[in-house]
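The values are calculated or read from the model by the stated rules, or taken from the named source; none is laboratory data. A quick note: this is a predicted structure, and the numbers were derived from the prediction, not measured. No Cβ is skipped: glycine too gets one built from the backbone with ideal geometry, and neighbour counts run over all protein chains shown.
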Amino acid sequence: MDFEHIVVGAGISGLGAAHFAARAGVPTLVLERSNRIGGCINSHQFANCGDFWTEAGSHTCFNSYGTLISILEDLDQLDRLTPKADGSYRLWRQDQLRPVLSGLHPLEALISLPRLARRSKADASVADYYGAILGRRNYRDLLGPAFQALVCQPADDYPAELLFRRKPRRKDIARKFTFPRGLSEIPAAIARQPEIEVRTAQEIRGIVGDGNGFRIQLTAGDELRCDYLTLAVPPDVAARLLPKHLTNAKAAVDEIAMAEIETLLVAFRVADLDLPAIAGLISVDDAFYSAVSRDFLPDEQYRGFAFHFRPGALDAEAQIGAACHALGARPADVVENAHIGNRLPALRKGHHRTVERLDAALAGTHLAITGNWFYGVSLEDALTRSRQEHQRLFSNRLNG
Ligand SMILES: Cc1cc2nc3c(=O)[nH]c(=O)nc-3n(C[C@H](O)[C@H](O)[C@H](O)COP(=O)(O)OP(=O)(O)OC[C@H]3O[C@@H](n4cnc5c(N)ncnc54)[C@H](O)[C@@H]3O)c2cc1C
């Protein structure tokens, strides 16, 4: 069967690519391996807690997410934006909840900060850069754990230039926002468009070049042909699926590793938790990197938390024990729990050179590659790449 454009992967990168193509008049088929769309956007609905949900992955959008906001405008979804209540994170260290600033060594920060003017983020790791400008002890006790919590993996070698890139803010939009039923409303709204067809539970066996186009072989035996292809899957999957003749592209993608995250979701009755509302926890020395609460959109009956654990550190029961210990709760009071696997790219300094090599290998082909492993891991970073790749792929059509 023939299609003009096929996207592989129905996370925000793939759905964003489908959205831009559909808006430019290119009908698009999206193939997704799992039986739900959204990838790392996963507003998990607990089976026995009414319509209460907790984010298992992405939890916050900002008014600096211009590409995302433009998509929401296209889809008339701006009236669904729900400001997030302010809440503060706590530091979880030596079995105690502490204010975040308890990890700060002010004198060391004061002495180190003048180095800011002389330091460049280019080609520096997070540990090099922030360790220099705020001091090694501040990095060890506060910034290192905070970055680790942010990217849900050991963060020392992460490229400094890919964290906190300045983007203009939309002042007419809440600084931090979500949706009444969680961020999963975003992929759902994109996928509802008539020009986009999404097929879930699609296992792809391989992709082969066919003239300028591609043939996609599904495990079920079907074969689909397309003129243009967008891969929007993690780098290890992209490297496996890339057609054989694109050897340079494959070599570049092969350089990018992935980090596994074991996410535990727990829900409690409001009355069973003796803990003020919090945004979440930054762990300094426990088996989890961070925890994110659902307190930003309070529910009358339930409270929910997502704990992001290092892979293989604890078994399922011990994870529940560790989460309850940090929250000052009893395991017997957990109303429901769920274990979910998350994955994020483990980017390293010098990453932009890998991206340059990949882009050189893709130039002139009908293949786009997008994802959260180009300019950073945020939803906006992923969509920025999807929009750029869309412009490259369909520039003739857009200009003509
Ligand atoms: C715990 C956590 C918290 C986060 N918090 C935030 C936040 O608050 N704000 C923010 O901006 N960002 C956040 N992020 C980052 C952001 O959510 C992700 O970077 C982004 O959603 C990734 O989108 P993606 O489409 O590139 O990849 P993914 O979401 O990973 O999507 C890839 C898709 O491809 C599918 N796939 C894989 N293999 C195949 C195959 N062979 N065939 C077909 N389909 C396949 C997968 O099933 C998946 O649906 C968070 C991420 C995590 C994990």
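Summary table
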item	result
Options ILE369, ILE320; residue that is of a type in the set (A, V, I, L, M), modelled with pLDDT of 95 or more, more than 16 Å from the ligand (Cβ to nearest atom) and buried (at least 19 other Cβ atoms within 10 Å of the Cβ)	ILE320
Entirely in region 17-83, the strands (runs of 3 or more DSSP E) that have 1 or more residues that are in contact with a strand residue (DSSP E or B) (Cβ under 8 Å, 6 or more places away or on another chain) and closer than 28 Å to LEU150 by Cβ	43-45, 53-55
Segments classed as strands (runs of 3 or more DSSP E), wholly inside region 119-214, with at least 3 members that are within 16 Å of the ligand (Cβ to nearest atom) and surrounded by 20 or more Cβ atoms within 10 Å (Cβ to Cβ)	none
Search result, residues across region 335-354 that are among the hydrophobic types (A, V, I, L, M, F, W, C), buried (at least 19 other Cβ atoms within 10 Å of the Cβ) and either more than 25 Å from GLU260 (Cβ to Cβ) or touching a Phe, Trp or Tyr at 6+ places or on another chain (Cβ under 7 Å) (or both)	LEU347
Condition broken by GLU4, with the remaining ones in (1) within 22 Å of GLN388 (Cβ to Cβ); (2) of a type in the set (D, E, K, R); (3) at pLDDT below 95 satisfied	(3)
Hits in region 85-110 - residues which are outside any loop (DSSP other than H, G, I, E, B), at pLDDT 85 or above and small (Gly, Ala, Ser)	SER102
Leading residue by the ranking (surrounded by the fewest Cβ atoms within 10 Å (Cβ to Cβ)) among those in region 254-264 that are part of a strand (DSSP E or B) and charged (D, E, K, R)	GLU260
Enumeration of residues in region 297-312 that are within 16 Å of the ligand (Cβ to nearest atom) and part of a loop (DSSP other than H, G, I, E, B)	LEU297, ARG310, PRO311
Test: residue in region 348-362 that is in a helix (DSSP H, G or I), free of Cβ contacts under 8 Å to residues at least 60 places away in the same chain, in contact with a strand residue (DSSP E or B) (Cβ under 9 Å, 6 or more places away or on another chain) and within 16 Å of the ligand (Cβ to nearest atom)	no
Condition check for VAL233: aliphatic (A, V, I, L, M), touching a Lys or Arg at 6+ places or on another chain (Cβ under 7 Å) and either surrounded by 23 or more Cβ atoms within 10 Å (Cβ to Cβ) or more than 18 Å from ALA257 (Cβ to Cβ) (or both)	no
From ALA251, ALA267, ALA329, residue being surrounded by 14 or more Cβ atoms within 10 Å (Cβ to Cβ), part of a loop (DSSP other than H, G, I, E, B) and away from the ligand (no atom under 15 Å from the Cβ)	ALA329
